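The values are calculated or read from the model by the stated rules, or taken from the named source; none is laboratory data. On a predicted model such as this, the values are computed, not experimentally measured, just so you know. Glycine also receives a Cβ, built like all others from the backbone with ideal geometry; neighbour counts cover every protein chain displayed. Ligands, DNA and RNA are excluded from the accessible area calculation, which covers all protein heavy atoms including side chains. Shrake-Rupley method; radii C 1.70, N 1.55, O 1.52, S 1.80 Å.
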Amino acid sequence: MQIDLTAKVALVTGASSGIGFAIAKRLIESGATVVITGRKQDAIEEAAAALGEDCIPLVADVTQASEMDGVVRRIQQTLGKLDIVVANAGVGANAPLGEIDDEKFEKVIGTNLKGALNTVQSALPMLRPGASIVLIGSTGSFEAPSTMSVYGATKAGLRAFAKTWIKDIEGRGIRINVVSPGAIDTPSLRDALGGNGNSAINALNERSPIGRIGTPEEVANVVAFFASDAASYINGEELYVDGGLKV
Ligand SMILES: NC(=O)c1ccc[n+]([C@@H]2O[C@H](COP(=O)([O-])OP(=O)(O)OC[C@H]3O[C@@H](n4cnc5c(N)ncnc54)[C@H](OP(=O)(O)O)[C@@H]3O)[C@@H](O)[C@H]2O)c1
């Protein structure tokens, strides 16, 4: 599908690698100027160099509301508007019930749930009618693997956020949707699988009704659609990009 994002300005959090990088690339290819964020300066600048002149890198930690306010101030000063917000930054941490300590809990909740809240709340004053917010969820919100309960809870929380937020901002003409990937081949998935990388990927391929795990680009295509005016009447929805696994 041809997606036209000409003259749009987008913010994608956690875009130095994986799904966020692919989303930024797709939005730029569709005509947008894209601000990307991440915590590590080298990584975010390297990503921006690969994405070209329509990409602006900013170092910011989504867990810190003041840093996200700073990102939005920079967008206001340099680009003057913001049309698309993709709250993508997210992390997981393995711990079975009985071993979920404060550190792991705070890290996952802080990044995935509070990070999305910080991103959207900072951006909201700049958003005008026609703007689109996309939250990156996960099929883990329905059925997270063992040891990933906190991760699953945060992703279920994003669904709850979207359903209530569209009521909170009723009448402003801003859409909020959730895109929920299944297993996608990214650095974080391979890290989570640990030393068993390839055999675990093969097992995931076999579990998938479509016969393989997904690519970051396949998620990015859907995000670009939700971000665009082609999705102008889709609001408060969640779409699974999982090759049919959740079914
Ligand atoms: N891969 C999958 O199978 C899969 C499946 C379902 C959902 N998802 C979701 O998709 C999103 C992206 O995942 P991914 O697999 O692409 O991960 P990834 O390759 O590990 O990338 C994560 C990105 O987020 C950034 N990040 C992490 N913590 C951050 C923070 N506190 N503030 C700002 N940026 C932060 C990282 O950069 P820095 O470390 O430099 O900050 C990196 O750019 C996540 O929300 C994840 O839950 C992934």
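Worth a mention:
- Per-region count, the range 25-81, residues assigned to a loop (DSSP other than H, G, I, E, B), open to solvent by 50 Å² or more (accessible area, probe 1.4 Å) and over 28 Å from GLY110 (Cβ atoms): 3
- ALA95 being away from the ligand (no atom under 14 Å from the Cβ), open to solvent by less than 20 Å² (accessible area, probe 1.4 Å), under 23 Å from ILE75 (Cα atoms) and not in a strand (DSSP E or B): no
- Within the range 148-189, the residues that satisfy the criterion of being within 15 Å of GLY90 (Cα to Cα), out of contact with any Pro (no Cβ under 9 Å at 6 or more places or on another chain) and in a loop (DSSP other than H, G, I, E, B) are MET148, GLY182, ALA183.
- Residue within the range 179-188 that is in contact with a Leu (Cβ under 9 Å, 6 or more places away or on another chain) and without any contact (Cβ under 8 Å) to a residue 24 or more places away in the chain present: no
- Residue within the range 155-173 that is in contact with a strand residue (DSSP E or B) (Cβ under 6 Å, 6 or more places away or on another chain), open to solvent by 10 Å² or more (accessible area, probe 1.4 Å) and within 11 Å of the ligand (Cβ to nearest atom) present: no
- For the range 137-147, the criterion of being within 23 Å of ASP229 (Cβ to Cβ), open to solvent by less than 80 Å² (accessible area, probe 1.4 Å) and either within 13 Å of the ligand (Cβ to nearest atom) or not in a strand (DSSP E or B) (or both) is met by at least one residue.
- Residue in the range 94-115 that is more than 17 Å from the chain's Cα centre (by Cα) and under 18 Å from ALA227 (Cα atoms) present: no
- Top-ranked residue of the range 109-146 - restricted to ones that are of a type outside the set (Gly, Ala, Ser) and modelled with pLDDT under 95, ranked as nearest to ARG73 (Cα to Cα): PHE142
- ILE184 falls short on exactly one of the conditions (1) at pLDDT 95 or above; (2) touching a helix residue (DSSP H, G or I) at 6+ places or on another chain (Cβ under 8 Å); (3) more than 20 Å from LYS155 (Cα to Cα), and that condition is (3).
- For ALA10: the one exception among (1) within 13 Å of the ligand (Cβ to nearest atom); (2) not in a helix (DSSP H, G or I): (1)
- Here ASP102 clears all of (1) open to solvent by 10 Å² or more (accessible area, probe 1.4 Å); (2) more than 11 Å from the ligand (Cβ to nearest atom); (3) within 23 Å of PHE21 (Cβ to Cβ) except the condition numbered (3).
- Cβ-Cβ distances below 7 Å connect the following pairs, each with a first residue in the range 211-232 that is within 19 Å of ILE28 (Cβ to Cβ), a second residue that is among the acidic types (Asp, Glu) and away from the ligand (no atom under 14 Å from the Cβ), and a separation of six or more residues or different chains: SER228/ASP4.
- Within the range 27-40, residues that are of a type in the set (Ser, Thr, Tyr) and more than 8 Å from the ligand (Cβ to nearest atom) have Cβ atoms under 9 Å from residues that are open to solvent by 40 Å² or more (accessible area, probe 1.4 Å) and in a loop (DSSP other than H, G, I, E, B) in these pairs: SER30/GLN2; SER30/ASP4; SER30/THR6; THR33/ALA7; THR33/ASP54; THR33/LEU79, counting only partners at least 6 apart in sequence or on another chain.
- Selected residue (only one of ALA48, ALA43 is within 18 Å of ALA220 (Cβ to Cβ) and either within 13 Å of the ligand (Cβ to nearest atom) or touching a Ser or Thr at 6+ places or on another chain (Cβ under 6 Å) (or both)): ALA48
- Identity of the residue in the range 219-247, touching a strand residue (DSSP E or B) at 6+ places or on another chain (Cβ under 6 Å) and assigned to a helix (DSSP H, G or I), that ends up surrounded by the fewest Cβ atoms within 10 Å (Cβ to Cβ): VAL222
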